[in-house]
Amino acid sequence: HPTVGIMTVNVGSMQRALGQLDAALESSNDGLATLIATLGEEHHLAGVARNALAGVQHDMGNLAAAESNYRRALEIFEATAGPKHPNVVSILNGLSRLLVDAGRHAEAEASYRRGVDVAVEALPPEHPNLAIMQIGVARLYAINGRCDEAKRLYAEYRSVAAPSQAVVESIENCRDIP
């Protein structure tokens, strides 16, 4: 039943939050399989499950599998809910973070920019997902030595969404690259 699939994906998300990545991977895979079996590969809930699975794979360092699942989740949501759906913002955030972690900064910036554009159109200005996307852009700018831009974005959005300590440090310790 699809409810079992969603509940299993939710368990995987909780396991991920607790750092139990092996268990989260198993739950996420099981939930996705259940959703595909009951609703089909193209159903938006399969997109939700793929996004969750991609997050676990990303945390585990399996960037190729995570990227594949982020991109497939994006395809599903764009086809079922449209390219300006709020869930597209979440998927693009995960994909953008992955691209930064993979050192593919130009692709990451384009992905973040697209996510920001969707967030501006689909969400209220004070929505945390918009702030999360903008803080991601700030992190990318800091990594690339674009400190003034990084600090401006961070200052504007840090009160809306609490970034991780690593993100805060990368921005606060930014050094301009000549």
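Restricting to the range 42-67, what's the tally of residues that are farther than 14 Å from residue 22 by Cα and in contact (Cβ under 8 Å) with a residue 12 or more places away in the chain?
Final tally of qualifying residues: 13.
Test residue 167 against the stated conditions and say whether it is surrounded by 13 or more Cβ atoms within 10 Å (Cβ to Cβ) and within 21 Å of residue 56 (Cβ to Cβ).
The answer is yes for residue 167.
Could you say whether any residue in the range 120-129 is touching a helix residue (DSSP H, G or I) at 6+ places or on another chain (Cβ under 8 Å) and under 24 Å from residue 12 (Cα atoms)?
yes
So which of 97, 175, 152 ends up being under 28 Å from residue 60 (Cβ atoms), of a type outside the set (Gly, Ala, Ser) and out of contact with any Leu (no Cβ under 8 Å at 6 or more places or on another chain)?
97
Report, by residue number, each residue of the range 78-94 that is closer than 19 Å to residue 131 by Cα, at pLDDT 95 or above and open to solvent by 60 Å² or more (accessible area, probe 1.4 Å).
none
Go through the range 95-104 and give me each residue that's of a type outside the set (A, V, I, L, M, F, W, C) and surrounded by 15 or more Cβ atoms within 10 Å (Cβ to Cβ).
96, 97, 104
With respect to residue 119, determine if the residue is surrounded by fewer than 22 Cβ atoms within 10 Å (Cβ to Cβ), over 24 Å from residue 20 (Cβ atoms) and not hydroxyl-bearing (Ser, Thr, Tyr).
Against the criterion (surrounded by fewer than 22 Cβ atoms within 10 Å (Cβ to Cβ), over 24 Å from residue 20 (Cβ atoms) and not hydroxyl-bearing (Ser, Thr, Tyr)), residue 119 does not qualify.
Going through the range 153-166 one residue at a time, which ones are over 23 Å from residue 107 (Cβ atoms) and more than 18 Å from the chain's Cα centre (by Cα)?
Those that are over 23 Å from residue 107 (Cβ atoms) and more than 18 Å from the chain's Cα centre (by Cα): 155, 156, 159.
The values are calculated or read from the model by the stated rules, or taken from the named source; none is laboratory data. Everything numeric in this text was worked out from a predicted model, so none of it was measured. All Cβ positions, even for glycine, are placed from backbone atoms using ideal geometry, and neighbour counts span all protein chains on display. Areas reflect the complete protein model, heavy atoms only, side chains present, ligands, DNA and RNA absent. Shrake-Rupley method; radii C 1.70, N 1.55, O 1.52, S 1.80 Å.
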